[in-house]
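Okay, structure first, notes after.
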Amino acid sequence: MLRLDTVLRAVGATFEDRRDGLIGPYDFTLREGQALVLAAASPRAASIAARMFGAIVKPTAGTIYVDEYDTRLQPPEAKRRLGFVDAGGFTRNAHAFDCEVAFRADVWNLDRAGSRQRAYAVLASLATFDDAWARAIALALVANVDLIVLDQPCASAADAIRRVAPAIAIVETRVARALPFVSSVPVPAPA
Amino acid sequence: MNGGRATLAIVRRRIDRAYACDWLGRFAALCLIAALFAPLLGRTATLVVLIIVLPLGGATESAHAEAMRRTSFFAMPLYGRQLARAYALAPVVTALAAPLGFFCGLAIRHEPLAPGLGAIVLAANIVGALVALGAVFRDGVQAWLYYALTLVCCTALAVPPLARLPHAVALSVGLAAVFAFTALRAFGETLARYDPLPF
C-alpha cells in the first residue's frame with residue numbers, strides 16, 4: 001500500500017479573534033498531494049486561518065504541525081517547509097517580481113540563479129493563468145516546499161499549483177458564502 | 001540557515017533610493033540649522049537638543065512602521081531575534097542622520113563638538129531608535145509608553161554630561177550600551193510574539 005507522508009496536522013487549532021470570535025477549531029491531517037479547502041465566516045477570518053496554517057499567526061488553542069514542527073514553538077522550521085500566498089496575489093510589476101525572487105533566495109539561503117530559473121519556469125507554465133496569482137504561486141514555489149497555503153485565492157489556483165507541483169499539499173481558505181459546494185470544516189456561526 | 005545573508009537581504013530591501021533621499025534630507029536640514037542657529041544655543045541647550053529632543057523626534061516618527069508590519073516579512077523563516085536585528089538597522093541608520101548633520105553644521109562654523117560628547121549624542125540617538133522600535137507593533141497608550149521610555153532613557157544618558165560628572169562619557173556610553181542591548185532583545189521578543197492580523 002502506498003503510504004504518503006503527513007505534511008500538515010491540525011489538532012484543535014483555534015484562534016480567538018476580538019472581531020470575528022472563534023476561528024476553528026480545525027482538526028485534520030493533510031498528506032502530500034492532498035488539498036483542502038477551509039471555509040471561514042468572513043474575509044478576515046479566512047485570512048487569519050490562512051496565516052495560522054502559514055505559521056505566521058499562532059493559534060490561541062490547539063496545535064498545528066507542519067512536517068511535525070509545531071508552528072507555535074518552531075515557526076522558522078515550519079515556514080521553511082511551506083509557501084504562503086497572501087490574499088490578492090503578487091500585484092507588483094515584473095521588476096518587483098525579479099527583486100522578490102532574489103530576496104527570497106537570500107532569505108531562504110538558496111542559490112540565486114537556480115531560484116530565478118525555477119521561478120520563471122513556474123511562471124512560464126502558468127502563462128494562461130491570472131498574472132498576479134501566477135507570480136504569487138511562482139514566488140511561493142521558489143523554495144523547496146511541501147505545503148502551499150493560499151489565502152482566498154482566485155478560482156482554480158489549486159489546480160494550477162497541482163499542474164506544476166503534483167506532490168505538494170495545498171490548503172486554501174475561502175469565505176463560506178463563496179463556496180457553493182465545498183466545505184471541509186464546520187464553520188462556526190458568526191457572532 | 002544563513003542569518004547574515006537574510007539580514008543583509010532585509011536591510012537592502014529597507015534601504016532604497018527613497019530611504020537615501022530621506023536620510024540626506026534630514027542630514028542637510030540639521031546641518032543648515034546648526035550652521036545658522038548653533039550660536040544661539042548655549043552648551044546645555046545644545047546637549048539637550050542633541051541627546052533628548054532629536055532622539056525623541058526620531059522615535060515618534062513612524063514612517064517605517066507600515067513597512068515593518070507587512071505580512072511578507074513574517075512569512076520568512078527567521079527567528080524573532082534575527083528579524084529584530086535586520087529590522088533595527090534601518091531605523092538606527094536613520095536616527096544617525098540628524099546628529100551627524102548637526103555635527104557637520106558645527107564643523108562648518110569651526111565650533112566642533114568634543115569627541116566624547118559626540119559619542120554620547122550618537123549613542124543616545126541609537127538608543128532612542130531602538131527603544132522606540134517597541135512602539136511599532138503596539139497601538140494607543142502602549143505605544144506612547146514606549147515613547148515615554150525613550151524620553152526616560154535619553155534623559156538618563158544626558159545627565160552625566162549635563163551635571164559634568166567625572167567620567168561622564170564612559171558612564172553615558174556604558175549606560176547606552178546596556179539600554180541598546182536590552183531594547184534590541186525586547187524588540188526580538190515583541191516580534192516573536194507578534195501576530196500580524198489582517199485589518
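The values are calculated or read from the model by the stated rules, or taken from the named source; none is laboratory data. Keep in mind the model is a prediction, meaning the values are calculated, not measured. Here Cβ is always computed from backbone atoms with ideal geometry, including for glycine, and neighbour counts include all displayed protein chains. To get the accessible areas, we keep the full protein, side chains included, count just its heavy atoms, and leave off ligands, DNA and RNA. Shrake-Rupley method; radii C 1.70, N 1.55, O 1.52, S 1.80 Å.
Numbers at a glance
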| quantity | calculated |
| --- | --- |
| Buried on assembly, the stretch B:169-196 (at least 50 Å² less accessible surface than by itself, 1.4 Å probe) | B:195 |
| Built amide H within the under 5 Å cut-off of residue A:13, gap 5+ | A:26, A:63 |
| Segment residue B:148-residue B:93, length gained on full extension (0.36 nm per residue, minus Cα span) | 17.6 nm |
| Distance between the stretch B:127-199 and the stretch A:155-172 - C-alpha centres, whole angstrom | 46 |
| Computed label-point distance, nm, for sites residue B:53 and residue A:176 using a 7 Å Cα→Cβ extension | 5.8 |
| Computed [θ] at 222 nm, deg cm²/dmol, chain B (DSSP H ≥ 4; -39,500 (n - 2.57); rounded to nearest 500) | -26000 deg cm²/dmol |
| Average other protein chain Cβ within 10 Å of Cβ, residues A:99-106 | 4 |
| Table column - 3J(HN,Hα) (Hz), the stretch A:97-110, Karplus curve with 6.51, -1.76, 1.60, x for Gly and Pro | 5, 4, 4, 5, 4, 4, 4, 5, 4, 5, 5, 8, 6, 10 |
| Span from the the stretch A:53-89 Cα centroid across to the the stretch A:10-25 one, whole angstrom | 15 |
| Segment residue B:21-residue B:189, extension gain: residue separation times 0.36 nm, minus the distance between their alpha carbons | 57.3 nm |
| Rg and Dmax [Cα atoms of the stretch B:1-126; Å; Rg one decimal, Dmax integer] | 16.7, 54 |
| Length-normalised contact order of the stretch B:1-153 in % [C-alpha pairs under 8 Å, at least 6 apart] | 37 |
| For residue A:22, distant residues with modelled amide H under 5 Å away | A:17 |
| Degrees between helix A:131-140 axis and first principal axis of chain A (Cα, 0 to 90, nearest 10) | 90 |
| Coil-residue chymotrypsin sites (Phe, Trp or Tyr not before Pro) of the stretch A:101-184, DSSP, other Cβ within 10 Å capped at 13 | A:181 |
| Convex hull of the protein assembly as shown built on C-alpha atoms - directionally averaged projected area, nm² | 22.0 |
| Residues with amide H under 5 Å from that of residue A:35, placed H, sequence gap 5 or more | A:170 |
| Residue mean of other protein chain beta carbons inside 10 Å, B:72-83 | 6 |
